[in-house]
Amino acid sequence: MAAFAASISLKRTIECLEDSSRVSFRPPACPEIELLYDQLSSMQKLFFEVFVVGHRESLLSSSVADGLHRQIKEAVYKIEDAFDSHVSNQFLSQISEENNHIPLVFALDLQLVVPEITFFTERSKEIQNEFMNSNYAGVSGPLFFVIFLKWAIVDIQGWFQTKSLLPCPDMEVLYEAYSSLHKFLEFVKRTSTMDNITKREHLNMQIMHELLNVTKSIRLLALNNYRSQSESPSTIFLEFKQMCDRNFGGESSTYGEAVRQLNGYESFEDENQLSKLTVDLAKINEDINSFTERVKEIEEDYTNGAHPVSILFPDRDDNNDDLNFFTAMMKKIKEMYITNEPQLSNSMQQPVGLQDGMIRIRSWLTNDQDDLLSVSIVGMAGIGKTTLAKQVYDDPFTLSHFCNRVWVTIGRQYELDEIMMRILAQLNPEIDQNDLEGAKYIQDYVSLILKGRKYLIVLDDIWDQHTWLELKRFFPDVHNGSRILLTTRLQEVPCEDIINGEVHDMKILNKEDSWDLLRGNLFLDNLCPPELEKAGKKIAENCEGLPLLIVAVGNHLSKAEMTLEYWNHIAENGNAVVIDADDELSNVLLSSYKHLFPHLKACFLYMAAFSKNYEIRASNLINLWLAEGFLEPDQPEPLEEYLVDCLIQLAENNLIMVSQWSSRGTVKTCKVHSAYWHVCVREAGKEKFMHVLSSYANSVTEHMQNQRRLCVHKNVLFGIKDVHACMASVSTTTRSLLCTGPPHQYPVPLCFDLMLLRVLDALAIRFYLFPAEVLKLLQLRYFAFTYNGKLPTSISILWNLQYLIVRQSLRIKSRRAQSYLPREIWNMKGLRHLQVMGSDLPDPCGGSLPNLVTLLDVNAHNCTKEVLEGIPNLKKLGIQIELSLDDAEALSFFDHLVHLHQLESLKCVVVNPDPRSQVFAPISILPPSLKKLSWSGFGYPWEHMRTIAKLQTLEVLKLRGYAFRGPNWEVNEWDFLGLKRLLIEDSDLEYLGDSFNCFPLLECLIIRHCYKLKKIPYAIGKIHRLKMIRLVDCNPSVVAHAKEIQKARESCGDKALKVFVHFSADDGKLKA
C-alpha cells in the first residue's frame, strides 16, 4: 500500500541522513526529527494492525479501510514532500557552480522543516483519534484497544530496558492477561452472529470498562517503578509521559474521562513536586489480578450463554432429551442449509487439459493407504482448481470408494459453525442416543458422525493455513481410507501435511488445450469456421493458458460479431483481450491481491514497472526495492534476505510465476501473468503508488498527479514536448523514474526536472554524453544508464548514491588501455553496488568503501591488494580476465582474494578463451567463506580442482566454457562436503569417476552440451539428497544411465529423484 510504503521510505531517508558522514546537522540535536521518526513508526503500526487485523479479519468494511488509508497517505505524502524539498534545496545551495566546488560535508538545518513536522504530528494524532472514536464493525472497538494495550506494554518494557531500569515484574502478569483477552475476542469474532448482537455489545462495554481501569494502573505502576530507580527523574519524566501518551491516547481520545485521569500528573514542573507522587503497589497488583480474573469471568459468561447452539435454540431446556434436542437441531440445520454441492457454469462443465491431474489425484484418493490423507490442489486464481476438484469428486471410480461425500466452499471469510452445519446437512445422518455421548458443540457432532465412516470431504477455496489447521482437527482419522481434498491459491496451506499429504500444483494450459477450451465455449461440437481458426488460436495464445481468462474472452467473443476483421483485431491487440474481459475477472483476481499483507501489496504493485510478459530478473528487482526503501523487516533479519523472502511469498501466493529458480533455491527470474499484470497496473495507479506511461493518452498531468513513481514503457514518449512538460509539473512528488521499455539506441531528452528522485533507471536509454543534469539529484540512491564514456569527477556529489550501474552499448571489441573511474569514487561511502563496464577502481590511496557488497565486471588487473583491502565487506565479486601468451600476471589476482573475508560469491570469466590451450598455473588459496563459485574459460586440468574441493562452505559450483579440460574427473573422498548444486557446461569431459558419490549433500546435477560424456556413474544414485538430474544436449547413453539410476531409486521406494532431458532440436520444453 502507498501510505505504508511512504512511511517506511521517509524513515529510511532520515536514517540515511543520520548515518552519513557527509551530513552535519545544525543544531546537532533536533528532537523534532526523533518525534517525526517515532510518529511515522506509530502510523506504520496503526496502518498494519488496521489492515491486517481489521480489514483481513473482516472487522472493517472496505470503505472504512480505504478512507483511513487515504488520510494516512495524504498526511505522509505531505510531510515527505516538505522534508525532501528542504533537504534537497539546502544541499544544492552549498554547491558552487562557478568553481565546481563540492563540499565534503553538507550542512543541514532541520529547524526549517519543524513547522511541517509539527503539523504532521498533530494530524497523525487526529487521524488516530478519529479512528478510535468511531464505532467500527461491532467487536472491533475492544479488539483494537487490546492491540494498543499490547503496544503499551511492549513499549514500556522496552523503554525501561533502554534507560537501564529494572522492568516491572507485574507487567508479565498483565501481558498474560492481554494474551488471554485477545484470544477470547478472536473467539467472539469467530462465533458471533447477528442473533446475539445485543449481548455482544454488552460484552464490549464490559471489556472496555476493565481495560480502562487496568490502563490507569499500568501507568501508575510504571511511573512508580521509574521513580524508585532514577536519581534524577525530572530529566526524563516528560519523555516517559510522552511515550505513555502515544500509547494511551490524548485528551481527545475515545476514552474521555479515563484518559484524562491518566494524564492527571502532567502539571509537575520540578523534582520536588514530582516526589509528592505516591503509589500503593499493593493496590495496583490487586487491580491487575482483578483484571485477569474479570477477563476469565467475562469469558465464562459469554461461553455459557452465547454459544451458537444456544443462539439457534434459545429456549432449550437442559433437561430435554439429548436425542430430541439433536433431532430438532438437525431439522433447523437442514432448513438453513440445503445440500450444497458445487454448481459450475456451463462454460466450465467441459474440462480441458485436466485429465492427467484428475488421474493423479484420483489415484491418491483411492489408494490402499488406511491413514487419513489430505490432497491439496494448489494454483493461481482462475487456473481451474475447483473444476478439477469437481471432476474428481464426480468421477464414478471415486464414487465407488466413498459412500459419504461432502463439498463445502470456505472462502476468505467464514464461520466455523456455519461450515460444520453445511457438513451435517450433507451427511444427513441417522444416529442414536449412543452417538451423542461426549458431544457438546456442533463440531463435536461432526466428529461423532464421521467416526466409523469412510468419507471424502472437499474443502474448496481455503485462504490461509490457520483455517486449514482449524478445520482438519474435526475430521477423525479412523484408519479406514478416508480422504480430504482441498483447493487453495496459497502454497503455504498444505505445508503442514507434507508427511501425510499430497500436493498437486496446477499449471497453465498449453497452446493446444487453450484453443480447445476457447473453441468449446464458442461453437457447438467444437466446429470453428476455417477462416477464423488462425485468429482464434492467436487469441487463445494471448490468454497465456489461464482457463478463467479464456472463458471470459469466449463470453466476450460470443456476444460480438464473429467476423474475421474483428477477430484479427482482437488477436493483434493482446491488451484488448484482457481489458474487454476485465469486469468478469476483477472480483476473482483482486481478491488475491487484497488478501496480501501491506508490504507484499507494495511488492506486487511494483511489478507494474515492467512491461507485460517481461522476464524480471530477481536480483535487479531486489536492488530496486532496496534503493526505494519502502520495505523493512518486522523481525531482526538482514534486509536483503527479507526481500528475497517477500518475492518467494508472492510466488507462494501465486501472484507471480517463477520462470527460473536460482542455485540457492530462491527466485532467479519471474513474470506476471497478463491478467494479473493489468490488475497490477490499474491498482498501482489507483493507489498513487506508480503510474505507467505506455501511450500519449496516459501521459497527461492528470494521471501523473501525486504519483510517487513514473514508469515509462515506451521511451520514445520522452521526445514528445507535452509529455516532457507534464513530467516536469510533478517534480515535487515523484521519487522514481523507471525507463523499462525496449532499449532505445538513440538519445532522447530524459526529464531531469524531477529534483527529488531517489531511483533513476535509464538502462534502456543510450547517452552519448554524460548527463550533467543528474548531478542536481542529490537524493539519488539508484542510478543506472547506458554510456560508453568516462564518468566525471563530480559524480561524487551524489553522496547518497548506493547503486551505480553503467552499461556499455554494443560495439566492436578491441584491446585498449585500462580505463579507471575517477579517484573521487572512494568518497562515495554509501555505495553498496558498483557495476561500471569498461572502467575499474583506481588506487584508493588509503580510502575505502566500507558499505560496498557487490562489485561486478571488474578487470582482473584491477584486483590488486590495495583495491581489495579498500572493500573489506565485499560479498559478491565478478571478474573479467583477458589471457595472452605474454601476460604472466593475468592470474595474480588470486593471491589477493584472501583479503576478502566476507566474500560469498565469486564469478571468474575468461573473456577470450582458447579451447586448444590450458592454464597450468595452480589455483591459489580461495576465501574460505565462499558459498558460490562460477568458473569459465580457464582450461585448467582437472587435477587443479583440489583447491576448490576443499572449500567446506561451498554450496554452488558452476563450470562453464572449458573451465577445466581433460577426459576424466576423479573426485576424492571428503571432497565437496557442502556442495548442493553442480553445473558442468561445454566441456570435453568423457568420464565421471566411480567415486562420484562423494558429494553427500548434492541436490541437483546439471550437465549441458557435454557431447563427449559417455555415462553417469551409478554411484551417484547413492547420494540420498539428490533430487534432480537435468541433461541438455547430452549423449543418449548418458540419458539412459540417468533413467536407470532413477528407476533403481524408485524400486527402493524413493520417488524424489527427477530426471529432465532436453535436446535443442525439440520445441523448447524439458521432458520428464
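Based on C-alpha pairs under 8 angstrom that are at least 6 apart in sequence, the range 665-775 has a relative contact order of 20 percent.
In square nanometres and to one decimal, what's the mean projected area of the convex hull around the Cα atoms of the range 635-777?
Working: hull surface 43.0 nm².
Spelled out: convex hull of the Cα atoms, projected over all directions, averaged, 10.8 nm².
Mind putting a number on the dipole of the range 464-549 about its Cα centre? Charges go on the C-beta only, +1 for Lys and Arg and -1 for Asp and Glu, and I need it in Debye to the nearest 20.
160 debye
Stretch L590-E492 to full length: gain in nm at 0.36 nm per residue minus the Cα-Cα span? If you can, show how the numbers build up before the last one.
Values: separation 98, 0.36 × 98 = 35.28 nm, distance 1.95 nm.
Going from the current span to full extension adds 33.3 nm.
Calculated on C-alpha atoms, the gyration radius of the range 659-730 divided by its Kirkwood radius gives an Rg/Rh of 1.11.
The order of the peptides 70-78, 408-416 by mean Cβ neighbours within 10 Å, most packed first, is 70-78, 408-416.
Each listed q (0.17, 0.23, 0.30 Å⁻¹) maps to a log10 I(q)/I(0) for the range 834-883 from the Debye sum over equal C-alpha point scatterers, namely -0.45, -0.83, -1.35. For the range 447-543, the Kirkwood estimate of hydrodynamic radius, built from reciprocal distances between every pair of different alpha carbons, is 16.9 Å. For the range 639-700, the relative contact order is 19 percent, taking Cα pairs closer than 8 Å that sit 6 or more residues apart in sequence and dividing their mean separation by the residue count. For the residue pairs K538/K668; K11/K686; K876/K932; K931/K1014; K668/K950; K980/K1043, alpha carbon separations beyond 18 Å are given by K538/K668; K11/K686; K931/K1014; K668/K950; K980/K1043. Summarising the label geometry, the points placed 7 Å from Cα in the beta-carbon direction at L856 and Q808 lie 1.6 nm from one another.
When peptides 382-389, 973-980, 793-800 are sorted by average Cβ neighbour count within 10 Å, with the highest value leading, the order is 382-389, 793-800, 973-980.
Modelled this way, with points 7 Å down the Cα-to-C-beta line, the labels at H479 and M562 are 5.9 nm from one another. The length gained by stretching the chain between A651 and H466 to full extension, at 0.36 nm per residue less their Cα-Cα distance, is 64.7 nm. Across all directions, the average flat footprint of the convex hull enclosing the Cα atoms of the range 697-783 is 5.1 nm².
A crude spin-label estimate for the pair K511 and A1019, with each label 7 Å from Cα along the Cβ direction, gives 4.6 nm. Only Lys, Arg, Asp and Glu carry charge here, each on its Cβ (+1 for the first two, -1 for the last two); on that basis the range 937-1072 has a dipole of about 400 debye about its Cα centre.
Rounded to 0.05, the FRET efficiency of the T953 and D525 pair, given R0 = 51 Å and the Cβ-Cβ distance, is 0.20.
Full extension of the chain between K790 and K686 gives 33.3 nm of extra length, using 0.36 nm per residue less the Cα-Cα distance.
Here, each number is a calculation from the coordinates, and none is a lab measurement. None of these values were measured; they are calculated from a predicted model. As a convention, Cβ positions derive from the backbone with ideal geometry for all residues, glycine included, and neighbour counts pool all protein chains shown.
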